[in-house]
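> Sharing a structure, written as C-alpha cells. Questions coming.
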Amino acid sequence: MTASNASSDVLDCGRTIQELSEYLEAGRSPRDPEIEQCPECLNALESLSRVGDLSRDLFAADAAALPEPSAGWFGGILDQVAAELRSGRDLPVRHPDPRVRITVAEGAVRTLLRSAADDLDGVFIGRTRIIGDVEELGAPVTIDITASVAWDLDARAAADDVRRRVAEVVERHTDLEVAAIDVTIEDVHAPQPRKDAS
C-alpha cells in the first residue's frame, strides 16, 4: 500500500476504515461509544453497511441465476456411492494376539468417511478413495475426497471441516496411517435446508 492509499484509509478522527469494517462485522458489539458518537465514523459505517448489503444482494442474485445441479450430477454421486459399497480391499486391524487376523472392508471405511463428511451442512460428498497399500499395516495412505459446497459457504473452511471430520473418523475406527487427506471442491450448489432440521 502506498503512503497516499494508507492515509486515505484513515479518517480525520484517527479511526481506520479497517477498524470500522471489523466493528461493523462484529455487529457493532461490544458497543464503542466513541465510534457511535463520531459523525465521521457513523458516515463511514453507513457507507460500509450499504456496500455490504449491495455485495450480498449481487452475490445472491448471481447464485439465484445458477442452474440447479443436473440429474447427471446426482446420478454421478449415486454411482460413486454404489462403487463404494463394493467391499474392495481388506484393511487389517491391529490385535494384541498375533494369531488373530481382523480386517474391515475398504467399502465400509469409505462409507464411514462419506457419512462423517456428509453430516456437514452445505456439503455433499462426491467420491471417496483411499490411495496406497491399505493391506499393509503402517503403510502411508492418502484419502482423496471430492465435494460440492453451498455457494454461501467459505469453500476453504468447508474443506477444512471435511478434513477434520475425516481425520477424526479414521483415527477412531481404523488403523490406517494417513499421510494426507486431499479434499477437492468440484462444484457449488444452492443452499439446502439444514441437515438437522426436522
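The values are calculated or read from the model by the stated rules, or taken from the named source; none is laboratory data. Treat the numbers as computed from the prediction; the structure is a model and nothing was measured. All Cβ positions, glycine included, derive from the backbone under ideal geometry; neighbour counts span all protein chains shown.
> Among the residues of the range 137-174, which ones are touching a residue at least 24 places away in the same chain (Cβ under 8 Å) and exposed (fewer than 13 other Cβ atoms within 10 Å of the Cβ)?
Passing the criteria: GLY138, ALA139, GLU168.
Yes/no matrix, rows are residues, columns are (1) β-branched (Val, Ile, Thr); (2) modelled with pLDDT under 80; (3) more than 30 Å from ASP187 (Cα to Cα):
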| position | (1), (2), (3) |
| --- | --- |
| THR2 | yes, yes, yes |
| GLU25 | no, no, no |
| CYS41 | no, no, yes |
| LEU48 | no, no, yes |
| VAL51 | yes, yes, no |
| ARG56 | no, yes, no |
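> Looking at the range 102-121, which of the residues that are of a type in the set (Gly, Ala, Ser) and crowded, with 19+ Cβ neighbours inside 10 Å is farthest from HIS173 (Cα to Cα)?
Checked the range 102-121; the qualifying residue farthest from HIS173 (Cα to Cα) is ALA117.
> So, one more: Quick one: what pairs do we get from the range 24-40, first residue of a type outside the set (A, V, I, L, M), second assigned to a loop (DSSP other than H, G, I, E, B) and surrounded by 10 or more Cβ atoms within 10 Å (Cβ to Cβ), C-beta under 8 Å, 6+ apart or different chains?
Cβ pairs passing all conditions: GLU36/ARG28; CYS38/CYS13; CYS38/ARG15; GLU40/LEU11; GLU40/CYS13; GLU40/ARG15.
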